[in-house]
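Novice: Submitted below is the structure of interest, expressed as structure tokens.
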Amino acid sequence: TIYDRDKIRLLDDALETLISLRKIGLKLALVSRTLKPKRRIKQIKDLGLNRYFDFIEVIEKGGTKEFTPIIHKFGFKPDEFLVVGDRPRAEIREGNILGMNTCRINYGPNKDEVPKNKNEKPK
């Protein structure tokens, strides 16, 4: 997504990618951390994203616990997940700590954030 405070829009190929991933049978979860959960839930609905995901969680506080509901819901092992995110010190680190596969998108407000240790580097 691309956003500025109150505005949010999808990257050009986002819907096409989500549709392709669903067609090959992958389970998709969206976890979003924000200081304004109600606003983010509205943004997700306005973008129509809720129809592409099997699980959506919008939380105010982070940590590895944000991925725990997904692990329990789908019953997969942590190494069967791919966490895609743009923040080395948030979702990338947390996914790595749990043993998940991680992929970083170098785009948006966190694109210049430099990983400070091995847990902040995507695996």
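Novice: Roughly how big is the chain's charge dipole about its Cα centre, with Cβ charges of +1 (Lys, Arg) and -1 (Asp, Glu), in debye to the nearest 20? Could the numbers behind the result be given before it?
Specialist: Working: 27 positive and 18 negative charges, 67 e Å.
The calculation lands at about 320 debye.
Novice: Quick check for you: with a 1.4 Å probe and neighbouring chains kept, what is the accessible area per residue of the chain, in Å²?
Specialist: Numbers: 8240 Å² over 123 residues.
Averaged over the residues of the chain, the accessible area is 67 Å².
Novice: How much length is gained if the chain between L21 and K65 is pulled fully straight, taking 0.36 nm per residue apart and subtracting their Cα-Cα distance, in nm to one decimal?
Specialist: Working: separation 44, 0.36 × 44 = 15.84 nm, distance 2.51 nm.
Here the segment from L21 to K65 would lengthen by 13.3 nm.
Novice: I've got another one for you. Over the chain, what percent of the accessible surface lies on carbon and sulfur atoms, probe 1.4 Å?
Specialist: Working: 4270 of 8240 Å².
That share works out to 52 percent.
Novice: At 222 nm, what helix-only mean residue ellipticity would the chain give, in deg cm²/dmol to the nearest 500, using -39500 (n - 2.57) for each DSSP H run of four or more? Mind showing how you got there, number by number?
Specialist: Numbers: 4 runs with 32 residues, N = 123.
About -7000 deg cm²/dmol.
Novice: Using a cut-off of 22 Å between alpha-carbon atoms, which lysines can reach K123, once sequence neighbours fewer than 8 places away in the same chain are excluded?
Specialist: By straight Cα distance, K123 reaches K27, K65, K77, K111.
Novice: Calculate one ³J(HN,Hα) per residue across region 101-115 by plugging θ = phi - 60° into the Karplus curve 6.51 cos²θ - 1.76 cosθ + 1.60, and present them in order as whole Hz with x for glycine and proline.
Specialist: With coefficients 6.51, -1.76 and 1.60, one gets 7, 10, 9, 9, 9, 8, 8, x, x, 9, 4, 9, 5, 9, x Hz.
Novice: Among P122, I59, P78, which residue has its Cα positioned farthest towards the positive end of the charge dipole of region 11-123, with +1 placed on the Cβ of Lys and Arg, -1 on the Cβ of Asp and Glu, and the dipole taken about the Cα centre?
Specialist: I59
Novice: Consider the candidate values [x] 36, 32, 26; [y] 32, 31, 30; [z] 89, 38, 30; state which one is Cα extents along the principal axes in Å computed from the structure displayed.
Specialist: Matching the structure shown: [x].
The values are calculated or read from the model by the stated rules, or taken from the named source; none is laboratory data. Quick caveat, the model's predicted, so the values are computed rather than measured. Quick reminder, even Gly has a Cβ in these numbers, built from the backbone with ideal geometry, and neighbours come from all protein chains shown. Please note that ligands, DNA and RNA were not included when accessible areas were found on the heavy atoms of the full protein model with its side chains. Shrake-Rupley method; radii C 1.70, N 1.55, O 1.52, S 1.80 Å.
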